[in-house]
1. Could you identify the single residue in SER250, SER201, SER210, SER170 that is closer than 30 Å to ARG341 by Cβ and modelled with pLDDT of 85 or more?
2. Would you confirm whether or not segment 254-276 contains a residue that is in contact with a helix residue (DSSP H, G or I) (Cβ under 9 Å, 6 or more places away or on another chain) and on the phi > 0 side of the Ramachandran plot?
3. With the checklist (1) out of contact with any Asp or Glu (no Cβ under 9 Å at 6 or more places or on another chain); (2) buried (at least 20 other Cβ atoms within 10 Å of the Cβ) in hand, flag the one item HIS540 doesn't pass.
4. Test of understanding: among GLY480, GLY476, GLY497, GLY490, which residue is more than 29 Å from ILE329 (Cα to Cα), of a type in the set (Gly, Ala, Ser) and at pLDDT below 95?
5. Given the residues GLN396, GLN382, which is the only one that is modelled with pLDDT of 95 or more and at positive phi?
6. Within the set of pairs 6 or more residues apart or between chains, which connect a residue that is in contact (Cβ under 8 Å) with a residue 24 or more places away in the chain and in the same structural domain as ILE598 (by TED's automatic domain parsing) inside segment 856-870 to a residue that is of a type in the set (Lys, Arg) and outside any strand (DSSP E or B) with Cβ atoms less than 9 Å apart?
7. Under the condition of being modelled with pLDDT of 90 or more and in contact with a Ser or Thr (Cβ under 7 Å, 6 or more places away or on another chain), which residue from segment 846-862 is farthest from LEU611 (Cα to Cα)?
8. Take segment 698-722 and flag every residue that is within 24 Å of the chain's Cα centre (by Cα) and hydrophobic (A, V, I, L, M, F, W, C).
Amino acid sequence: MAALHPLLVTRLCCLNCGATDVSKLASSSSSLTRSKMSRTFDRMAIGKKQSCQGFMPDVMGTPSQNVSLKVCAARVSIEPTEQMFTLTTEFGKLEKESTYLFRTETGDQMKVSVGKRNLKYAVYIEVSSLQSHSSSNRLLLSWVVYRSDSRCYMTEDFQDSSPDGRAFESPFNQISHGTYTLELEFEAKKIPFFLSFLLKSAFEATSSISEIRSHRGTKFCVPVGLGRGSPFPLGLSFATDGSLNISIFSRNAEALVLCLYDDVLAELPALELDLDPYVHRSGDIWHVALESAETYESYAFRCRGKSTDQLESALTLLDPYAKIVMKSIIKDKRSTSVNYRGLLMKEPTFDWSGDVHPNIPLEKLTIYSLNVKRFTEHESSQLSADIAGTFSGLAQKLDHLKDLGVNAVLLEPTFPFDEENGPYFPCHFFSPASLFGPSNNPISTIKSMKDMVKRLHMNGIEVFLEVVFTHTANAGALQGIDDESYYVNGPVELKQGNALNCNYPIVQQMILDSLRHWLTEFHVDGFCFINASSLLTGFHGESLSRPPLVEAIAFDPVLSRTKIIADCWDPINKTPKDVHFPHWKRWAEVNTKFCTDIRNFLRGEGLLSDLATRLCGSGDIFSDGRGPSFSFNYVSHNFGLPLVDLVSFSSGQLAAEFSWNCGEEGPTNKPAVLERRLKQIRNFLFILYISLGVPILSMGDECGQSTGGSPAYVDRKSFDWNALKTGFGIQTTQFISFLNSFRERRADLLQSRNFLKEENIDWHGSNQSPPKWEDSSCKFLAMTLKRERAESQSSSETSHEFGDLFITFNAGQNSESVILPVPPEGMTWHRMVDTALPFPGFFSADGEPVLEQMGGLFAYEIKSHSCALFESRSQGG
């Protein structure tokens, strides 16, 4: 490089045909004298132009759906560098020019420039210092656009790969002694491809021909319309000039093929580009740049490595970072398979103007959990077929969410997934599944989801996503790209579950990039990590005390204002896992113990101490620097029995559900059993909303949706909107709305970010005696929550209309007579809830005054299997 004139700043590309050290080529190129190099550039205008607009008409002219082009690069070492000057010839300047220097087997120099001019691509070849060639002989370029099986290594004769059994030959033009030039021109629509060639010296005197190859005896090869690309960012990206860059991680891949499709319905790619590891690989990342892909619509990969060989398979591999994903069906004689591809287009723009994250504090949240498809796909939703079961359909039912009084929705996984096993087995992490959008169109799906988020935000409702980053679907996900890096290499049970190696650096980066993408592009407000306990495992399945991914999410600046929730339910084994989850005061948790203890108490088998712990925010879990607002509570989930079945089925196979059928298994007409079940449903809801923490209501529980006693996820049914109009649906929906409203009004006691002070809680057992905390035969508990009073305020002063709360819980079969505490001076007790009373009197926003009995005492009878709530209010308030 020292021999080059300083004004001719060129990033030279060294093509090292084979494994020869690049330094040899560098030393060879530096032997050019400064004057000769300068003169060579000046004489480029004399080069002969060879037009090849119609090359290989029998192949390139064939409709693309009937031809599969496979372009294979030579295994050559190319270190491309950007040309910093504009080359001018009589044909006009070349744009986006790349320059390559070769050394021939005879030690001669050859420079190849590839660029764009007037919507066409030109390849300019200059051979200099050709000592072995006489000026009386002709110099020919024997060339083909390389088409072959993707495993070829450019060692065949041209006759084997040319469509008509011969290579094209184009004569060079001699511009000086030992210097020859030639230019080939191609239509832009032909790119990308590789031009493979060698030189032929024709001796006129003897009619003999000698071939000149690279210094390693191989053919020369240059990419046209195909650049080296950049390793970052991963996935598909676009430059301002319209060119594309694609990069993918695969440490163990030995060969990688980029497949381009010209039709979204095509089963086979129209073009396959075999990426040269010397050119298109930096470390463990493969990358390639396409100057244009106008004739292609989607892309995917084939891969060959130590543990996989996909080069012959009809199934291709989806780019893990693809932002717009389409599903295709691959059919063969034996089966039909689903295959995913990325679309070669930018994400559609969206007008986010006016959108503001509600930023609701944790302690103020009240959540509704739902499945996007099942929520509105039923005909009773009365939505048109194109939006029923979609994000748009969900937005149309905004009034129902407002009627319930919720301020956040938790969506079951919306990633593309294995439709046989359900949404908890994802195939991809950067796009919503097309089945949640109108007409199953990926572009419409993205817009539909963003519209939904914006509309919910306008109504003060946050959007949380359930995400699964611990495992994938059995096929069609990351398998085949680099299994040794992406998947856990530990115990057999982990391998069988396609467990992702979450704490491996590249997988950790992918997960963080995915979360940032959903936050920045879709404006979601939080994430609930399903199977979160598996985020704590290492590469071989070992437990990590300080898992890198969990810590990285906690401290990521982009995610700093996002709610992050750990849910340790395992969708593979269908059970929750009890672990100590590291939190760094950022992670909230779905509280499985809350669900278990409340179910146990209401069926008459729990301890009073367990009930009290859950009512007060689960201090046994969250007193380690967090608080009750980090406890996300539920009594039924989108897995297991729905609420109505918890009080209707309790056969032996349902032991893990901690349910109670209230006296008879399954459907019944007995009034006593039905009354008991109704009270129990009210009790579950009452305890859920009266407890400290964030309540999660599961879709369908407000209208008595049933699975017939099956805890299986697949037996969950679509939401029946007609059920909301039944007597049960009306009263339950109104009760939930009341509880949310009351919870908000009494935020001082029910929505505390911190645990209540011990002196602000009084506990009462049966017969006004202290509770017997560890006696499993005790079924009654009452508590007084005392309103915090300022130190300067005397006991006789009441600065607020509302005072203390008195709450009772009776899981026994007998009634309990309670004496209410003496209310603060100037106040009287009002009954707000009694789950034993008939509708509409079992709850009241205004409250029913409790009549004072003799001696100034307030007595009340708490029926069996019921709960009650009393509020002290200013007299006349």
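The values are calculated or read from the model by the stated rules, or taken from the named source; none is laboratory data. A quick note: this is a predicted structure, and the numbers were derived from the prediction, not measured. Positions of Cβ are backbone-derived with ideal geometry, glycine not excepted, and every protein chain shown enters the neighbour counts.
1. SER250
2. no
3. Checking HIS540 against (1) out of contact with any Asp or Glu (no Cβ under 9 Å at 6 or more places or on another chain); (2) buried (at least 20 other Cβ atoms within 10 Å of the Cβ), the one that fails is (2).
4. Checking each option against the conditions leaves just GLY490.
5. GLN382
6. none
7. PRO849
8. MET699, VAL714
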